Each structure stands twice: as structure tokens, then as C-alpha cells.
Amino acid sequence: MGTVRVGVDGIAVTVPAGATLLDAVRAAGLDLPALCHDDRLTPAGSCRACLVRAGGAVVAACVTPADEDTHVEVAGEELLALRRAAVELTVSALPPRALEGGPEASELARVCHALGIVPETAQAEGGRGRDDSHPYVHLDRDLCIACGRCVRMCAEVQGTFALTLTGRGADTVVTPGTGGAWLDSDCVACGGCVDTCPTGALTEPGLPVGAPRGDLTRTRTTCGYCGVGCALEVLTRDEQVTAVLPCHDGPVNRGHACVKGRFAHGFVRSPDRLTRPLVRRRGRLEPVSWAEALEFAAHGLRAAVAAGGPDAVAAISSARATNEENYLVQKFMRVVIGTNNVDNCSRLCHSPSAAGLTASFGLPGGTDVFDEAELADCLLVVGANPAEAHPVVGARLLQRTLRGARLIVADPRTVGLAGYADVHLRPRPGTNVALFHGLAHVLLAEGLVDEDFLRRRAAGLPELTALLAGYPPDRVAAITGVPAGDLVAAARLYGRAERPAIFYGLGVTEHLHGTDGVRALANLAILRGAAGTGRGYGLSPLRGQNNVQGASDMGALPDVLPGYQPVADAAARERAARAWGAPVPERPGLRIPEMFAAARSGTLRALWVIGEDVCATDPDADRVAAALTACPLVLCNELFLSDTARRADVVFPVASWLEKDGTFVNFDRRFQRVRPALPPPGEAVTDFAVVHALAAALGADLGCRTPADALAECGRVVPMFAGLSHERLDREGAVPWPCPDPGAPGEAALYRERFATPDGRARLASVPYLPPGEEPDDRYPLVLVTGRRWAHYNSGSMTRRGGNLRLDGVDLLDLNPGDAARYGVRDGEPVAVESRHGRAELTARLTGQMAPGQVFCAFHFPSSGVNTLTSGHADTVTSCPEYKVTAVRLIPG
């Protein structure tokens with residue numbers, strides 16, 4: 001990129017080409033106010049607070065490029081007077097409270113203090129009013145200086161375009177673009193406007209401008225909501241969360257956040273938190289001591305093993321728990337109980353990713369870290385709505401699109417990024433494999449493939465070529481409903497890109513043939529030579545839960561040990577046995593659906609559910625509840641008395657992500673530290689402590705006294721994690737796996753030398769399109785797709801306990817207006833949804849985002865019964881449920 005040399009008040013500095021004079025001044029170590037400037041935003045040059053002299057002219061430093069050998073004058077008295085006058089003019093239009101609280105009150109107050117501007121300069125009467133309608137963002141119009149930073153933050157970083165400046169002259173003020181109350185606007189409460197506001201016009205209620213912060217404790221941690229892995233700073237006082245702020249050096253979020261990570265922390269001190277162990281006696285859960293609860297659980301586990309052997313016990317570990325906790329759970333099951341019956345919720349979402357990516361490339365993770373997407377010139381986003389489910393990733397993908405990258409979205413709904421797409425493909429739910437084969441057909445037919453890469457580094461091309469002959473655009477259009485012209489246009493955009501990137505979500509995996517979908521999608525990256533070459537991003541799954549990648553990495557799966565080492569591999573078992581001092585069972589264990597079936601049949605006699613409300617989130621929920629009722633012993637680790645916990649025999653109260661020590665792995669394979677900002681409430685403890693205590697109650701010692709010890713032991717079991725440690729992560733921040741060497745960086749981009757398959761080649765998959773498990777018919781004429789909405793997370797147990805309910809408090813069913821008219825459903829009115837499996841009660845919302853014949857709802861309100869609708873159909877390879885295709889009918893309320 002190059003550099004330029006600049007002289008700043010006689011100090012020689014070197015800055016990157018394209019830098020501004022403001023960058024040069026700061027590189028020289030000099031302070032220069034810039035009230036309209038934020039390094040994350042395009043410069044505006046409107047406040048005139050950064051005036052300097054360059055080339056004989058007085059210019060705004062923030063918008064003036066730094067040219068070679070430019071000489072910049074900053075400290076002259078005349079320049080100081082000009083800057084002071086510009087700021088005084090701004091301050092004169094504000095009321096006195098704008099400078100109350102001293103220089104710590106706001107950026108404006110600090111600038112005034114530095115320039116010698118006295119508080120009395122602010123003399124305006126105010127009276128423009130406030131908007132406190134929103135639970136997380138409050139507006140004091142009298143403090144707005146119309147700098148535009150919040151508007152640019154909303155547009156350029158978040159990509160929501162919810163704010164604008166209205167009025168003229170001194171009456172100009174920020175306002176929601178809708179013109180009404182902030183609560184009713186398009187704001188998604190990322191908090192970016194609050195962070196960038198220099199005056200305190202925009203604040204969050206828990207952290208008012210001018211409040212003393214010297215007594216706040218600051219703890220850096222990693223967000224415990226989705227799998228993006230945002231770095232956050234938690235501010236606490238008196239064991240209460242005051243605020244959660246995004247870290248500007250966060251490797252993925254870069255100073256940004258979403259409504260969940262930033263604001264949805266009210267659950268931590270909710271009166272509903274479980275604070276004492278509970279044991280079922282005489283049909284009721286009653287508070288008991290930890291000693292009683294552990295003895296009850298240990299007695300039940302001994303009885304289960306005595307009656308049915310070790311395989312009569314199973315555990316569902318947690319994608320919300322830390323890596324160290326998941327490692328300890330699977331070790332407990334294999335060493336203390338003697339079974340491989342351990343699984344985690346990746347079974348319900350991204351197990352097809354692990355299987356498909358491993359089959360295609362050799363490892364069960366994305367091919368590159370997210371930073372590489374900044375260089376992509378074409379983005380293919382498939383079966384995902386990152387604007388709502390992964391807002392920080394969605395915002396960065398939108399930024400890349402607005403800067404010129406071509407965008408292809410493949411999703412049945414017109415949501416989020418689809419509004420910015422060059423091509424939006426809307427396949428019928430369940431037809432992904434045909435869609436991907438259609439795209440691959442065009443790539444081959446038009447010579448848009450990397451023949452050299454395919455010859456040297458891929459296998460299976462002849463078989464795939466033969467298969468793809470049967471998927472010309474016209475046939476694919478008939479199967480998927482996607483017009484042939486759109487299919488060809490999308491394939492050409494992807495095929496002609498220099499650096500294409502693929503991101504996908506649960507719309508690819510949660511199908512009867514989800515693993516085939518992942519493999520068919522991976523074919524596109526292989527055909528283009530976009531993985532393992534540096535000429536493209538490859539592809540990456542957008543993980544739903546905060547540690548769904550890490551839970552699987554740690555071996556909380558029935559058929560693999562930590563690091564995805566097969567339990568059938570004698571060498572892997574021996575390596576683990578040496579580290580654990582105990583033999584490892586060789587027969588693969590039960591998957592989650594098989595656990596429930598075994599409980600219903602009577603062969604599973606004890607089930608430990610850790611941090612998952614399986615009655616709310618698993619498919620065919622009535623049969624899940626029946627399994628828990630049939631199982632003689634159900635243990636549950638939970639924050640709240642969920643539907644699952646209500647059916648348990650023992651409930652252990654546990655810590656939340658804000659109260660834990662350990663690590664998470666985010667969606668692009670980066671290990672990051674998790675640190676406790678608060679102590680758990682009452683008698684609650686970490687899952688790590690519960691596993692240790694239950695092992696001790698059974699007379700076993702798991703070792704690994706601390707989470708740091710557990711990660712270190714995992715590194716001895718798994719060579720590709722050997723270079724990781726808490727100490728290293730504390731020092732470096734984030735490290736991707738594989739990382740076998742403590743003295744070398746982890747592998748951000750995989751497969752540069754060879755793929756991790758036996759012969760080192762990527763595998764093209766010749767899998768035929770097969771129809772979904774359910775099809776609509778005359779009795780059930782509509783297809784239901786389930787997913788997430790922006791304000792909530794999973795079963796809603798955390799996000800429904802706080803202000804997010806004011807943002808999204810109704811469980812909605814989205815449907816096309818034509819379907820609504822056809823079935824007599826009115827907007828905003830109750831509607832019952834029935835499937836072959838169950839019934840749910842929702843509220844209708846008519847929207848053009850839905851294609852005719854399809855309806856959509858979330859699963860954040862368990863009382864609605866959405867997951868009673870979903871079927872028992874599951875991916876034929878991994879048993880991942882087919883959440884995305886359920887035939888339903890509507891009954892108006």
C-alpha cells in the first residue's frame with residue numbers, strides 16, 4: 001500500500017498512503033480535537049475543531065489527505081484560537097448541563113477543558129425535548145450538535161440506516177428516519193450511536209453521561225450469545241452490571257456489538273435465577289443443600305449403571321458452556337461412567353457442517369478466519385440471515401457490499417442482506433442440493449472453474465461432472481422455483497470473482513439431507529479453487545450458539561474424542577487413556593435423538609442435560625417431554641426453572657457466561673478468553689464445579705483443578721490444540737486452531753499446503769438431490785420454516801428477562817398477504833398453526849418478505865409451542881433435525 005512522510009510541528013512521521021493529516025498529527029503524539037470524527041467512519045470535516053495549517057492554508061485535518069513531505073502546523077496560537085472559536089460556537093448553542101460533570105462527562109467536555117473553554121459558554125435555554133421511549137437508547141435533543149457521527153455509525157458500521165438529521169441551522173438534530181418515537185423506529189439497538197456520540201445527547205440508561213466511573217470494575221470477556229465471538233468489556237459496581245461495552249480491538253467485532261451482547265444482561269440478576277439446588281420429592285422440586293443434591297444424583301447414577309450398565313447413562317453437554325466445561329463433561333462420561341453417550345446441541349444445528357466440511361476438506365471448521373472476507377469481491381450468503389442472527393457479521397458483510405463486493409443471497413425470505421443483493425435466489429425449502437448443483441453446472445458449462453487446482457488438488461471431478469449433467473438450469477428451476485436466468489446470473493457472479501466467499505447458516509444444515517447440502521455447497525468453492533489457495537475465502541458456517549464450535553472441538557460428541565479423533569481409532573483412545581489414567585470405551589455412544597428414544601423405550605435410565613432447554617428447542621417437543629418423563633433419573637444444570645428443569649429430578653443452579661472463567665471458540669475457529677465479571681448468585685456455581693463435585697460424589701477425581709489446567713490437559717490429548725493456553729490467550733487475545741506449537745501462530749487460513757484428507761486432496765461430492773422429509777398437501781398446504789429474530793436468542797430464557805421484550809414481545813407468524821387472504825387470517829390477530837405433529841398459537845404478521853406457500857416463525861417463546869410442530873425427520877448422516885421444512889395449516893383465531 002505504501003507510506004508517506006509528513007512533518008508535524010517539526011516531528012517527522014510516516015503514515016500509510018491514504019491517511020489524513022489527523023492521522024499524521026496523532027502519529028506524532030499530538031492531541032487534536034475532532035468532534036465530528038470517529039476513526040471507524042468516513043470523515044466529515046464539519047465541526048472545524050481540527051483546524052491545522054498545511055501548504056500555506058488552514059484546513060480541517062480529518063478530511064485533508066497526507067501527501068509526501070507535507071508540513072503541518074498544529075500548535076500555533078492563531079490555530080489554537082481558530083479551534084477554540086469553532087468549539088465555542090458549537091457550545092454556545094447548548095444548555096449549561098452539556099458541560100456539567102467536568103472533563104470526564106463527555107468527549108465535548110474534555111475538548112472544552114483542553115481548550116480552556118469555561119462551562120459558562122453554554123448558555124442556551126434548551127427545550128427541544130427528550131425521547132426516552134427506547135429501553136436502551138435515550139435521546140436528549142438539547143445536547144445534539146448535529147455532528148452526524150451517530151447517523152454515519154448507523155449507516156456505515158451497523159448498516160441499518162435508521163437515523164437522520166432533521167431541521168435547519170441551530171435546530172438541526174438527530175432523529176429516527178421514521179420521524180416517530182425511537183422505540184418505533186428501525187433501530188436494532190447495537191449501541192453504536194451511543195458509543196460515538198461526543199456530547200451525551202445519546203446515552204444508555206444504565207450509564208448516564210457525567211456518572212462517576214472511577215469505582216467501576218472493568219472485565220474483558222467474550223460474548224455468550226451467538227457464535228460470532230465479540231470481545232466485550234463488562235462494567236460492574238457492587239456486583240451489578242452497569243454496562244457492557246464492545247472492545248475496539250475485538251478481533252471480529254472491532255468496537256461493534258448487537259442488542260443481545262450489549263444490552264441483554266438483565267437476566268443475570270433476575271429474581272427468577274436459580275440459587276439453590278432442587279431435588280424432586282413426593283412429586284415436587286424442593287430446595288436442598290448441595291450435599292443432598294449431589295448424593296441424590298450420585299445414588300441415581302449408580303442405580304442406573306447397576307440396572308443397565310454404563311450405556312444406561314447419557315449426557316447432553318452445552319454449547320453455552322466453556323471449552324473447559326465441555327472437556328470435563330465428556331471426560332466424566334468416558335472415565336467415571338464408562339460410556340461415549342455424550343452429545344451437544346450442534347447435533348441440532350451444525351453437525352452437518354462438521355460432517356460435510358470434514359468429508360470435503362478434512363477438518364470440521366470454516367476454511368478461513370473472518371478477516372479474509374474483507375478482501376472478498378463476491379459474497380455468497382446461503383440459508384442465513386446474519387443481519388438478525390449474527391448482527392455484527394451481518395453488518396461487516398453489508399459494509400463490504402457497500403464498498404463494491406457483489407452479493408448473492410440464497411434464502412426463501414427477502415430479509416436482511418437480501419435487500420442489497422445483486423441476485424436473490426429464493427429456493428423452495430428443502431431444495432438446496434439441487435440449487436447448488438445448478439450453480440455448479442453453470443460453472444462447469446461456462447468454463448468458470450480453476451482447472452489447474454482441480455487437476456492438482458481435488459478428487460471426484462469426473463463423477464461430479466457426470467452428475468451435474470442432470471442439473472441444467474431449466475430442471476433446477478423446476479425443482480427449486482428459482483428462475484433459470486437468476487441461477488445463471490448468480491453462477492457467473494461467483495464464477496468470475498477473483499476472491500469469492502461463501503457464508504452459510506442453518507438454512508443449509510437443518511434438513512433431511514443437510515450434510516449433502518454442505519458438501520454440495522463446498523463443491524462450489526472447490527470448483528473455483530477458492531479454498532486453500534489464498535485466492536478466495538472458501539466457506540464458513542455461521543454458528544448459532546456462543547460455543548457450538550468449541551463444545552464439539554472438546555469432544556462432547558458420541559463418536560469422537562477431543563479434537564475429532566474417532567473413538568474407533570485405537571491410537572486416539574490410547575492417547576486419551578494415557579492422559580486420563582483410565583481406558584476409553586470404543587463403541588460410539590448415542591446421539592441426542594437416540595437418547596430420547598432410548599429413554600422412551602426404557603434402556604436409558606439416567607440423562608444429564610446441561611444448559612439446554614430441550615423441551616423448548618428440540619424438534620417434536622411432545623416426544624421429548626415424554627422421554628424425560630419416562631427416564632428414571634434426569635439431572636439438569638440451569639439458570640432458570642425451564643420446561644426441562646421442571647421435569648428433572650435434580651436441578652443444579654449454575655453460573656452464566658458473565659460469571660465464568662475459561663474459553664470459547666467462535667465461528668471461525670478462534671479461541672478467546674472468558675472471564676468472570678460477577679460472582680454467581682446465591683449458591684450457584686459453574687458447570688465446571690458441578691462436574692467435579694458429582695465426580696467426587698461417585699468417588700472419582702477428574703484432575704484439572706482449574707479451567708486453565710483443563711485446557712492444558714486437552715492440549716496433551718489433542719496435538720492441534722497443544723499450542724493453546726490461558727496464559728497465551730491472555731497475552732495475544734485470540735488464537736485460531738489448529739495451533740500445535742506454543743511458539744507459532746495458529747492457522748488462520750487452512751489447507752495452504754494440502755487438505756486434511758488422507759490423500760491431501762479436496763473431495764468433490766456427487767450427491768443426488770433428494771426431496772425433503774415432508775411435503776405440503778391438501779390437508780397441510782403450507783411450508784413452515786423456523787429461525788431467529790434480531791432481539792432474541794434461542795429459547796429466550798435470557799433475552800426475555802429484560803428490555804428486549806419491549807423491542808420484540810410477541811411471537812409472530814410471518815406469512816404472505818395472498819396466503820392470509822386465502823386462509824382468512826388478518827394482520828395482528830391470533831392464528832393457530834397445526835402440523836402432523838402438534839399445534840402452536842401465534843400472532844399473524846402479513847409481509848411481502850414471505851413467498852406464497854411459506855410461513856416463518858421463531859422459537860424464542862416456548863409457551864407458543866412452536867417446536868411441537870416440527871417433525872422427527874433428521875439428516876440421514878448426522879441426525880440433525882429438519883427444522884426448515886414442516887407442512888402446516890392455519891386456523892384463524
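Read-outs: derived from the displayed coordinates by stated rules, not from any lab. What you are looking at is a predicted structure, and each value in this text was computed from that prediction instead of being measured. When we count neighbours, we look across all protein chains shown, and the Cβ atoms used for this are built from the backbone with ideal geometry, even at glycine.
With distances taken between every two different alpha-carbon atoms, the stretch 3-92 has a Kirkwood hydrodynamic radius of 12.9 Å.
Spatially, the stretch 416-454 and the stretch 306-347 are offset by 39 Å when compared through their Cα centroids. Each part gets one Cα centre, and for the stretch 1-78 versus the stretch 356-398 those centres are 36 Å apart. A simple spin-label model places pseudo-atoms 7 Å from Cα toward Cβ; at Glu100 and Leu79 they are separated by 3.6 nm.
For the peptides 752-758, 816-822, 165-171, residues were scored by their other Cβ atoms within 10 Å and the scores averaged per peptide; the highest-first order is 816-822, 752-758, 165-171.
Computing Rg and the Kirkwood Rh from the Cα coordinates of the stretch 535-640 gives a ratio, Rg/Rh, of 1.04. Length gained on full extension, Asp184 to Leu165: 5.1 nm, using 0.36 nm per residue less the C-alpha separation.
The packing ranking, built from the mean of other Cβ atoms within 10 Å per residue, places the peptides 276-288, 307-319 in the order 307-319, 276-288, highest first.
In this structure, the amide hydrogen of Ala582, modeled 1.01 Å from its nitrogen in the peptide plane, lies closer than 5 angstrom to no residue at least 5 positions away or on a different chain. Between Asp777 and Ala744, the contour length at 0.36 nm per residue exceeds the alpha carbon distance by 6.1 nm. With R₀ fixed at 41 Å, the C-beta to C-beta distance from His299 to Ala571 puts the FRET efficiency at about 0.65.
For the chain, the spread of Cα positions along the three principal axes, ordered from largest to smallest, is 88, 69, 65 Å. Taking every DSSP bridge with both residues inside the stretch 501-637, close to 20 percent are antiparallel. Using a cutoff of 8 angstrom between alpha carbon atoms and counting only pairs six or more residues apart, the relative contact order for the chain works out to 13 percent. Measuring r between the beta carbons of Arg403 and Thr3 and using R0 = 22 Å, the FRET efficiency lands at 0.45.
Can you give the FRET efficiency to the nearest 0.05 for Asp69 and Thr414, using r as the Cβ-Cβ distance and R₀ = 35 Å?
0.10
With the convex hull drawn over the C-alpha atoms of the stretch 411-540, the volume per residue is 105 Å³. Remark: the stretch 114-130, residue by residue, has Karplus-estimated 3J(HN,Hα) of 5, 8, x, 8, 7, x, 5, 4, 7, 10, 5, 7, x, x, 7, x, 10 Hz, where x stands for each Gly or Pro and the curve is 6.51 cos²θ - 1.76 cosθ + 1.60 at θ = phi - 60°. Looking at the chain, the DSSP beta bridges with both ends there are about 60 percent antiparallel.
Measuring between their Cα centroids, the stretch 551-588 and the stretch 719-774 lie 18 Å from each other.
Looking at the stretch 782-892, the pairs of alpha carbons with a distance over 22 Å make up 31% of the total. I'd like the antiparallel share, as a percent to the nearest 5, of DSSP beta bridges with both residues in the stretch 782-892. Once the DSSP bridges in the stretch 782-892 are tallied, antiparallel ones form about 65 percent.
As a ratio to 2.2 N^0.38 Å, the alpha-carbon radius of gyration computed for the stretch 292-399 takes the value 1.53. Between 0 and 90 degrees, the angle of helix 484-496 with respect to the longest Cα principal axis of the chain falls at about 70 degrees. Computed packing ranks the peptides 122-129, 638-645, 668-675, 234-241 as 668-675, 638-645, 234-241, 122-129, most packed first, by mean other Cβ atoms within 10 Å.
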